[in-house]
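The values are calculated or read from the model by the stated rules, or taken from the named source; none is laboratory data. These figures come from a predicted structure and were not determined experimentally. Glycine gets a Cβ as well: all are built from the backbone with ideal geometry, and neighbour counts include every protein chain shown.
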Amino acid sequence: MLAFMIRRFLQSILVMLVVALISFLLFRFVGDPVDQMVGIETSIDQRDALRQQLGLNDPVLVQFFHFIAGALRFDFGISYQFKQPVAAMIAERFPATLELSLLSVVIAIVAGIPMGVYAGLKRDSWLSRMFMTVSLVGISLPPFLVGILFIFVFSVQLQWLPSFGRGETVLIGFWPTGFLTQSGLKALILPSITLALFQLTLIMRLVRSEMLEVLRTDYIKFARARGLSRRAVNFGHALKNTLVPVMTITGLQLGSVIAFAIITETVFSWPGMGLLFLQAVQNVDIPIMAAYLMLIGFLFVLINLIVDLLYVAVDPRIRIDARQAN
Amino acid sequence: MSKASSIPVKAEQGAIARFLASDIVYSFSRSKLTMLAAAITLFYFLMALFAPLIAPHDPFDLASLNLLDSLTPPMWEEGGVAQFPLGTDDQGRDLLSAIMYGSRISLAVGFASVAFAAILGISLGLLSGYVGGTLDSVIMRIADIQMTFPSILIALLIDGTVSGLLPQASREDTAFGVLTLSIGLSFWVQYARTVRSSVLIEKEREYVQAARLIGLRPLTIMVRHVLPNVLGPVLVIATINLALAIITEATLSFLGVGFPLTEPSLGALINIGNNFLFSGEWWITIFPGVTLAVLVLSVNLLGDWLRDALNPKLR
């Protein structure tokens, strides 16, 4: 168990190093950082001085170490486009993205699991069939198109909900939250549902197929034969056993939610990290791209690590496998 | 199935008859939904293929555009004209023609990137599975790391970086290549993993040992003997990936890092229309959007069916 954890941990560090290397290569070799920072009128001497000052004349390996040391202190340099420290810009937008992503995951789980259980238990009812058909359409619609359709119906035609921004926010400590004002909550509805939809269909289909699988097993037949109530069989025995894969997939999907937030944030002009990253890609603002990549990489690796460890904690079969592997 | 086809006893006519009697054709003829999806997909292919012949206007010919025609509504709405059945966009482009050409671009990028991803993934998977050892670990570790990130993020990053390296002015010429490269590179892992695991099983089989015994080179064994036997699952992945690739291209173009607005794919058209949604010109967004959704849905249905039809467990 301990060996497994250590191996997983080392693997995570390796992934982070690779991500850091890619970020660094981007930063160092896509365009000349000095050219991006100064105007045309800067003399060659001044440029050389700046180059020396930034450490761009050092050996590449030394520069890489400086880059990692900087990243560990959250220092990713200055944005080419906005001339502001990248870390501060990202920190300013992080709460918006996190609130949106977390709400979407909650929506996806709270709606997806019951829908999946229902579709698994009553496989032939018309409602289950409708869930399955709608979910196929949901998978086929690109998220940005769903967002646009929502805006078209609820903002343009019905004029119920706002189509951009996050409304008024309230500062709690350093954290600006949109959960406490009416306009903030209203602004959250469309983007969070748009972002949740894809995960929702995924969770629903997964729960359904896992339920179908489990319901066929002998111990469910035995539980029924023992005369346990329908409720105890379905929820106590069947659902409990479907939740392990569901938990893994949902955990891993949390990362995808943050990535898909780029699209949702663009459609709804949501002032989060994703929008910042997209603007950086459009303008080749490498420091922001590098910093975003590092941050996302870190979140992904962290989520993967936690999911793996949880998996081991929940499912005893894996513990045995790991022991045998050693 | 594939083993039977390598027996050169029967003539070509026999091969066709055997194909018509196969499980796949049977399961196809049993599912109306699949047939509908196939018909729609075929319709899209034909439309994309013959767009220059059947489209009423050439949306890329800027000289033929008239700004006075811009933002004309569809013909059944007030102010619409029969010359532009689905209306026009902000530059006076006929939307029907733009959608035809746009589908052409979307399908072309979809196919090219799936082909690129498949070739790359199959080659690496074959090498990884057949050669094994250090090469195997290196390829699979890279695949592991890439699997950690969603493909849309990888495509966006590659696309952004490569576009940054290339001059802005050449974007019209390079967009196709850049998009194919970035989408292809973000999808190869699945092929590599699937092929590798099949190869690990196949290479212990007797026919591979026999081929080795008679002294064939490893490359010949891999390509001529192992490859044909691991292609089934690849076909399923490729079909489902085609839908994903089309979505990815549309998303990138919508985000403004894909095709330039002078040569719009479906995603770029939706991007143009998005600016006019609030002023009431809904058709510029909705028609390309519906076109895209129907295309992806049909391809997805075909992929779902193919996966079930090729899965021996479900027979």
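State which residue pairs qualify: first residue more than 9 Å from chain B (Cβ to nearest Cβ) and closer than 18 Å to A:GLU265 by Cβ and inside region A:129-158, second residue of a type in the set (S, T, N, Q) and assigned to a helix (DSSP H, G or I) in any location, beta carbons under 8 Å apart, and separation of 6 or more residues or different chains.
Close Cβ pairs satisfying both conditions: A:VAL146/A:THR194; A:GLY147/A:THR194; A:GLY147/A:THR264; A:PHE150/A:THR194.
Within the set of pairs 6 or more residues apart or between chains, which connect a residue that is without any contact (Cβ under 8 Å) to a residue 12 or more places away in the chain and more than 9 Å from every other protein chain (Cβ to nearest Cβ) inside region B:288-312 to a residue that is part of a helix (DSSP H, G or I) and not acidic (Asp, Glu) with Cβ atoms less than 6 Å apart?
If the second residue must be part of a helix (DSSP H, G or I) and not acidic (Asp, Glu), no pairs are left.
Exactly one of these conditions fails for A:MET289: (1) crowded, with 21+ Cβ neighbours inside 10 Å; (2) more than 8 Å from every other protein chain (Cβ to nearest Cβ). Give me its number.
For A:MET289, the exception is condition (2).
Would you be able to tell me the number of residues in region A:79-92 that are touching a residue at least 24 places away in the same chain (Cβ under 8 Å), more than 19 Å from A:LEU21 (Cα to Cα) and outside any loop (DSSP other than H, G, I, E, B)?
Within region A:79-92, residues that are touching a residue at least 24 places away in the same chain (Cβ under 8 Å), more than 19 Å from A:LEU21 (Cα to Cα) and outside any loop (DSSP other than H, G, I, E, B) number 2.
Take the conditions in contact (Cβ under 8 Å) with a residue 60 or more places away in the chain, in a helix (DSSP H, G or I), surrounded by 14 or more Cβ atoms within 10 Å (Cβ to Cβ) and in contact with a Pro (Cβ under 8 Å, 6 or more places away or on another chain) and apply them to B:ALA192. Does it pass?
Values: in contact (Cβ under 8 Å) with a residue 60 or more places away in the chain: yes; in a helix (DSSP H, G or I): yes; surrounded by 14 or more Cβ atoms within 10 Å (Cβ to Cβ): yes; in contact with a Pro (Cβ under 8 Å, 6 or more places away or on another chain): no.
Taking the combined requirement at face value, the residue does not satisfy it.
What residue, of A:LEU61, A:LEU25, A:LEU98, is modelled with pLDDT of 75 or more and exposed (fewer than 15 other Cβ atoms within 10 Å of the Cβ)?
Working: A:LEU25 fails: exposed (fewer than 15 other Cβ atoms within 10 Å of the Cβ); A:LEU98 fails: exposed (fewer than 15 other Cβ atoms within 10 Å of the Cβ).
Only one candidate passes the filter, namely A:LEU61.
Within 15 Å of the chain's Cα centre (by Cα), over 30 Å from A:LEU254 (Cβ atoms) and more than 14 Å from every other protein chain (Cβ to nearest Cβ): which single residue out of B:SER113, B:SER103 fits that description?
That would be B:SER103, the only listed residue that is within 15 Å of the chain's Cα centre (by Cα), over 30 Å from A:LEU254 (Cβ atoms) and more than 14 Å from every other protein chain (Cβ to nearest Cβ).
I'd like to know if region B:169-176 contains one or more residues that are under 24 Å from A:GLN279 (Cα atoms) and surrounded by 22 or more Cβ atoms within 10 Å (Cβ to Cβ).
First, the residues of region B:169-176 that are under 24 Å from A:GLN279 (Cα atoms): B:169-176.
From what is left, the residues that are surrounded by 22 or more Cβ atoms within 10 Å (Cβ to Cβ) are B:175.
Scanning region B:169-176, I find at least one residue that is under 24 Å from A:GLN279 (Cα atoms) and surrounded by 22 or more Cβ atoms within 10 Å (Cβ to Cβ), so the answer is yes.
Inspect all residues belonging to region A:165-184 and state whether any of them is part of a helix (DSSP H, G or I), under 24 Å from the mean Cα position of the chain (by Cα) and modelled with pLDDT under 80. Break it down into steps so the answer makes sense when it comes.
Going through region A:165-184, the residues part of a helix (DSSP H, G or I) turn out to be A:182-184.
This time we only want the ones that are under 24 Å from the mean Cα position of the chain (by Cα), so: A:184.
After this cut, where a residue has to be modelled with pLDDT under 80 as well, the list is A:184.
There is at least one residue in region A:165-184 that is part of a helix (DSSP H, G or I), under 24 Å from the mean Cα position of the chain (by Cα) and modelled with pLDDT under 80.
What are the pairs with Cβ atoms under 6 angstrom where one residue, in region B:106-125, is in contact (Cβ under 8 Å) with a residue 24 or more places away in the chain and the other, located anywhere, is basic (Lys, Arg) and in a helix (DSSP H, G or I)? Sequence gap at least six, or different chains.
Close Cβ pairs satisfying both conditions: B:GLY125/B:ARG196.
Exactly one condition in (1) over 22 Å from B:PHE19 (Cα atoms); (2) part of a helix (DSSP H, G or I); (3) not hydroxyl-bearing (Ser, Thr, Tyr) is false for B:VAL234; which is it?
Failing condition for B:VAL234: (1).
Find the residue count for region A:112-126, including only residues that are farther than 17 Å from A:LYS240 by Cβ and surrounded by fewer than 17 Cβ atoms within 10 Å (Cβ to Cβ).
5
Looking at region B:262-273, can you tell me whether even one residue there is away from chain A (no Cβ under 11 Å), under 17 Å from the mean Cα position of the chain (by Cα) and part of a loop (DSSP other than H, G, I, E, B)?
Yes, region B:262-273 contains a residue that is away from chain A (no Cβ under 11 Å), under 17 Å from the mean Cα position of the chain (by Cα) and part of a loop (DSSP other than H, G, I, E, B).
For region B:244-261, does any single residue satisfy the condition of being more than 10 Å from every other protein chain (Cβ to nearest Cβ), modelled with pLDDT under 85 and in a helix (DSSP H, G or I)?
no
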